[in-house]
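Below is one structure, written out as structure tokens; comments come after it.
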Amino acid sequence: MTVPDRPALEGLEDKLSDRWRAEGTYAFEADTTREQVYSIDTPPPTASGSLHVGHMFSYTQTDVLARYQRMNGKNVFYPMGWDDNGLPTERRVQNYYGVRCDPTKPYIPGYQPPEKPAKNQRDWDVVSRRNFIELCEELAVEDEKVFENLFTRLGLSVDWSLTYRTIDDTSRAVSQRGFLRNLASGDAYMAEAPTLWDVTFRTAVAQAELEDREVPGAYHRIPFFTAAGEKVFIETTRPELLPACSALVAHPDDERYQPLFGQTVTSPLFGVQVEVRAHGLAKPDKGSGIAMVCTFGDLTDVTWWRELNLPTRTVVGRDGRFHAETPEWITNESGRAEYEKLAGKTVFSAKETVVTALTEAELVDGEPKKITHPVNFYEKGDKPLEVISSRQWYIRNGGRDAERREKLLARGRQLSWHPEFMRSRYENWVEGLNGDWLVSRQRFFGVPIPVWYPLDASGEPDYEHPIVPAEDQLPVDPVAEAAPGYDETQRDVPGGFTGDPDVLDTWATSSLTPQIVGRWSRDEEFFGKVFPFDLRPQGHDIIRTWLFSTVVRAEALNDSVPWNHTALSGWILDPDRKKMSKSKGNVVVPTDVLDEYGSDAVRYWAASAKLGADTAYEVAQMKIGRRLAIKLLNASKFALNLGASVDNVVRSADDAAVITNPLDKALMVRLYDTVQQSSRAFETYDYARALNLTESFFWQFTDDYVELIKDRAYGGHGEAEQASVLATLATTLDALLRLLAPFQPFATDEVWGWWRTGSVHRAPWPGRAEEIAGIEAASAGATADVLAAVALALGGIRRAKSEAKVKQRTEVLAAVVTAPENRLGSLRGGLADLKAAGNVRELTLLAGNPDGEADIEVSQVELAAPEEVPAS
RNA sequence: GGGCCUAUAGCUCAGUUGGUUAGAGCACUUCGUUUACACCGAAGGGGUCGGGGGUUCGAGUCCCUCUGGGCCCA
């Protein structure tokens with residue numbers, strides 16, 4: 001046994017992290033059964049992004065749960081991955097190397113990027129998709145190291161030998177295989193449909209990526225004309241879409257417009273005849289109560305277009321500009337002339353042009369009415385989304401199919417949610433879906449959609465009969481590799497083939513992390529040992545995206561929930577209660593607090609927050625964690641130096657007889673309760689409560705118990721009394737270290753190393769039957785009130801000294817403790833310790849109910865004369 | 001507009017199926033370097049549990065309602 005003279009937290013992280021890694025403390029044992037395994041599907045962080053305290057917060061919470069399960073005898077499968085598939089990595093690789101991806105370029109083996117990136121983007125190297133992915137993997141290694149170092153330092157008990165990336169060969173193959181199986185089973189399909197389109201990124205966007213933003217706009221009041229020449233005013237924020245108008249719509253109950261239903265009106269400027277229709281989604285109190293449907297002006301337009309079977313009239317293209325060709329539905333000459341002014345213009349300048357033309361023709365009624373209104377944006381974009389018509393791949397998610405929606409809701413109910421109320425977020429989202437999951441993205445970097453299309457004699461693709469690769473060919477890149485049965489000379493020529501140019505949405509890959517890390521479709525035996533996973537933690541902001549999409553894929557591919565439990569972490573709020581985010585600029589760099597307070601301290605802050613609770617970034621809370629860790633070192637040192645050792649630990653009921661003193665037994669009662677309740681809290685994923693219980697016990701142990709037993713521990717009351725104390729100290733310390741191990745892995749393992757072999761993190765959780773029987777036997781017939789009552793009395797004695805302004809060690813010649821009859825027994829049990837700790841010569845116990853609030857009161861305290869203070 | 005969460009000491013938060021006198025830490029005041037700990041210890045002050053109503057022998061806890069804050073979806 002080696003207890004340092006001056007224990008300290010400094011240096012523990014490096015020392016112990018190295019040891020854990022070398023000894024494989026957190027290694028998953030593959031030779032196992034499903035019952036023994038506790039598997040965790042951690043959402044891989046984006047390593048190219050920046051680190052922030054939110055990472056430490058939520059990953060600590062998961063780690064605490066993992067550590068509990070491991071100590072509780074589970075073979076914990078806890079891998080980490082990196083989500084380097086997607087836009088953030090794409091941008092980072094571009095800027096870092098000065099390269100641009102063009103999938104049509106051929107792969108260059110051994111390609112080296114420029115030494116220095118060119119300043120101007122025009123001068124960047126243009127590389128193939130495969131080269132681009134290689135560069136990503138190269139750069140990602142550096143980014144991932146930073147993350148891995150942070151997580152290691154934080155003490156995450158991850159098995160780092162299992163690490164994966166969402167862009168590596170395996171992930172791409174699994175992602176493509178998942179897609180192809182979805183395709184084969186009818187869960188994926190292609191369709192020409194209105195698509196939300198980001199003109200900056202030139203890509204389609206899914207419903208889950210939408211964001212409403214309030215933007216300024218203006219209602220323009222514009223007349224349409226009936227056959228009789230009467231004006232019908234509409235109010236629109238998008239007058240530029242007038243040439244795309246396919247109908248006017250009013251509410252069926254709106255008496256103002258009922259006479260017009262079924263009639264035809266003519267649009268101003270463009271002279272197109274459109275029908276007036278009735279639909280319940282038209283809002284009578286909005287504007288003039290009658291709206292123009294400009295085919296795909298917004299999502300309500302799409303609904304009207306679909307439900308009223310309106311003609312498709314699109315004027316905005318993928319570049320966000322008006323089509324160059326004048327649409328054929330504009331037939332009269334002046335209308336065609338008006339459109340020609342718009343051809344090729346952006347939405348913004350087309351609006352100006354149309355408004356000017358309307359104003360000149362005196363077709364605007366009054367001044368535009370300025371408003372702010374919510375508009376759909378891509379969450380990463382900065383221009384409003386357009387809706388265009390395009391051909392895209394979809395995965396069925398229940399958005400258009402009630403039966404599937406019910407199935408997915410049932411999966412949601414099958415999952416245990418922590419906290420439970422988060423389930424309603426999931427249900428609200430599933431119930432509110434209005435379309436299937438669009439998975440095509442018109443990006444370069446990502447997992448290619450693994451299909452080709454045959455070209456007919458005129459060179460048109462046959463979308464009905466896509467060519468798919470064999471599963472053992474995966475991963476493939478259809479833009480760089482020829483379709484099976486064809487060769488490269490037949491690409492894009494009539495009678496040949498063409499590759500799908502798009503990539504999959506990043507969620508289409510990251511929704512498969514259980515399958516990727518669980519070796520689905522590669523090692524089914526292994527997959528069966530970890531799937532469905534036990535736990536999936538994540539922030540509650542990604543329920544609609546990550547959590548939901550993973551449920552969708554597991555339902556389709558595995559006919560199962562992906563996990564049995566899901567834990568939702570809260571967000572980090574800055575001291576002003578605002579969510580910390582990069583865009584707000586209020587992000588705190590995590591390494592500073594790790595340097596200043598240590599990992600155990602930061603973990604304490606994270607672990608004292610309940611799941612789902614948004615939590616203030618509180619340095620004060622970390623200071624408490626640090627204090628707890630230091631206190632643990634010091635108290636342990638004290639207990640061990642008193643002579644507590646492995647041999648004193650009560651391990652079963654047979655050892656329990658040595659604990660005879662009522663005060664010692666009282667501590668055993670508290671320990672027993674703490675172990676039971678803390679275990680129960682962990683079983684319900686309430687680690688914060690477990691920490692709270694253990695911490696309370698720990699403070700009572702150090703502040704009250706240890707203060708009281710010093711005299712007895714030094715041998716002042718004989719060997720039997722000393723043996724009772726040492727057994728109590730050793731048993732308590734032994735359990736306490738393990739109870740705190742999930743929260744403060746460094747301090748606890750350090751202390752463990754002073755007097756035990758192996759790691760505390762591989763030691764069994766204290767709730768095991770034999771051990772708990774020992775603690776129970778040691779506390780038999782005792783009451784925890786001995787400790788509580790004696791502590792109160794000691795407090796009273798100290799108060800008297802404090803009020804008399806004398807030193808605490810001043811001798812008390814005599815004092816009276818008054819307590820209710822039923823607590824006198826408790827006081828008698830610890831009387832000797834009380835007198836020793838308070839330095840009291842004569843103590844009289846008196847039955848009675850004292851005045852005031854406290855029911856144990858110390859009075860008639862007679863203090864010895866103060867020590868002579870030598871004049872200095 | 002719909003849904004979910006939240007309101008407890010100056011601050012950050014506990015408070016289990018309703019059950020004695022509502023707790024912890026920080027901060028504040030006073031005292032103290034006694035043999036684990038000054039990155040410390042001891043003692044103390046500080047609460048109409050957001051407002052109102054109800055159920056109950058009993059409500060911080062359950063129900064209704066109002067108000068403030070936050071989030072998600074329209």
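Computed from the coordinates by the stated procedures, all read-outs in this text should not be read as laboratory data. Given the structure is predicted, the values throughout are model-derived calculations rather than measurements. Positions of Cβ are backbone-derived with ideal geometry, glycine not excepted, and every protein chain shown enters the neighbour counts.
For A:THR331, put the label point 7 Å out on the Cα→Cβ axis and report which residues of the range A:211-254 keep their amide N under 13 Å from it.
No residue passes the distance filter.
For chain A, what is the relative contact order in percent, using Cα pairs closer than 8 Å and at least 6 residues apart in sequence? Please report the intermediate quantities before stating the final value.
Numbers: 1635 pairs, mean separation 118.0, N = 872.
Relative contact order comes out at 14 percent.
Subtracting the Cα-Cα distance from 0.36 nm times the residue separation, let me have the gained length for A:ALA22 to A:TRP160 in nm, one decimal.
48.5 nm
Once Lys and Arg get +1 and Asp and Glu get -1 on their Cβ, which of A:SER560, A:THR513, A:GLY570 lies farthest toward the positive end of the dipole of the range A:496-570?
Positive-end residue among those listed: A:GLY570.
On full extension of the chain, what length is gained from A:ALA218 through A:ARG6, given 0.36 nm per residue of separation minus the C-alpha to C-alpha distance?
Fully extending the segment from A:ALA218 to A:ARG6 adds 69.2 nm.
Could I have the simple spin-label model distance between A:THR591 and A:SER859, label points 7 Å from Cα toward Cβ, reported in nm to one decimal?
Roughly 6.4 nm, to one decimal.
Would you order A:ILE797, A:ILE709, A:ILE108, A:ILE624 from fewest to most other beta-carbon atoms within 10 Å of each residue's own beta-carbon?
Placing the least packed residue first, the sequence is A:ILE108, A:ILE624, A:ILE797, A:ILE709.
Let me have the 222 nm mean residue ellipticity of chain A computed from DSSP H runs of 4+ only, each contributing -39500 (n - 2.57), with the sum over all residues rounded to the nearest 500.
Details: 26 runs with 329 residues, N = 872.
That comes out to -12000 deg cm²/dmol.
What ranking do A:SER560, A:SER511, A:SER175 get, fewest neighbouring Cβ atoms within 10 angstrom at the top?
So the ranking, lowest neighbour count to highest, is A:SER560, A:SER511, A:SER175.
Would you give the gap between the C-alpha center of the range A:614-686 and the C-alpha center of the range A:740-781, rounded to a whole Å?
Between the Cα centres of the range A:614-686 and the range A:740-781 lies a distance of 9 Å.
Based on the Cβ-Cβ distance from A:VAL146 to A:ARG756, what FRET efficiency comes out when R0 is 45 Å, to the nearest 0.05?
The calculated FRET efficiency here is 0.85.
Restricting to bridges with both residues inside chain A, how much of the DSSP beta-bridge set is antiparallel, in percent to the nearest 5?
Percent antiparallel among DSSP bridges in chain A is about 65.
Among A:254-267, A:364-377, A:816-829, what's the highest-first ranking by average C-beta atoms within 10 angstrom per residue?
Put in order of decreasing packing, that is A:816-829, A:254-267, A:364-377.
Along the three principal axes, how long is chain A when you take its alpha carbons, biggest first, rounded to the nearest angstrom?
115, 64, 58
How far is helix A:87-97 tilted, in degrees, relative to the longest principal axis of the Cα atoms in chain A, given as a value from 0 to 90 rounded to the nearest 10?
90
Evaluate E = 1/(1 + (r/R0)^6) for A:ASP253 and A:GLU403, where r is the Cβ-Cβ distance and R0 equals 41 Å; express this FRET efficiency to the nearest 0.05.
On the way: r = 32 Å, r/R0 = 0.79.
According to the calculation, E is roughly 0.80.
Rank the residues A:MET71, A:MET56 as a footprinting-exposure proxy: fewest other Cβ atoms within 10 Å of their Cβ go first. Don't jump to the answer; show the numbers that get you there.
Working: A:MET71 23, A:MET56 26.
Final ranking by Cβ density, sparse to dense: A:MET71, A:MET56.
Rg and Dmax of the range A:577-725, using alpha carbons, in Å: what are they?
Rg, Dmax (Cα atoms, Å): 19.6, 67.
Which shape class applies to the range A:44-85: rounded if a/c is under 1.5, otherwise prolate when a/b exceeds b/c and oblate if not, where a ≥ b ≥ c are the square roots of the Cα gyration tensor eigenvalues?
Here the range A:44-85 falls in the oblate category.
Please sort A:86-95, A:22-31 by packing, taking for each peptide the average over its residues of neighbouring beta carbons within 10 angstrom, highest first. Before the final figure, lay out the partial values.
Details: A:86-95: 19.7, A:22-31: 13.8.
Peptide ranking by packing, descending: A:86-95, A:22-31.
What is the list of residues in the range A:707-728 whose amide nitrogen lies under 20 Å from a point 7 angstrom out from the Cα of A:ASN839, following Cα to Cβ?
The answer is A:707-717, whose backbone nitrogens lie closer than 20 Å to the label point.
What nm distance separates the two modelled labels at A:TYR486 and A:SER424, each placed 7 Å from Cα along Cα→Cβ?
5.3
Along the Cα-to-C-beta direction of A:LYS370, a point sits 7 Å from the Cα; which residues of the range A:194-236 have their amide N less than 19 Å from that point?
Under cut-off, by backbone N: A:214-221, A:236.
Using Cα atoms only, what is the angle between the long axis of helix A:169-184 and the major principal axis of chain A, expressed in degrees (0 to 90) to the nearest 10?
Rounded to the nearest ten degrees, it is 60.
Can you give the extra length, in nm with one decimal, that the chain gains between A:LEU846 and A:SER652 once fully stretched, where that is 0.36 nm per residue apart less the Cα-Cα distance?
66.0 nm
Testing the spin-label approximation: label points 7 Å from Cα along Cα→Cβ at A:ALA773 and A:PHE348. State their distance in nm.
Label-label distance for A:ALA773 and A:PHE348, simple model: 7.8 nm.
Using only Cα atoms, find the angle between the long axis of helix A:53-71 and the longest principal axis of chain A, and express it within 0 to 90 degrees, rounded to the nearest 10.
Between helix and principal axis, roughly 60 degrees.
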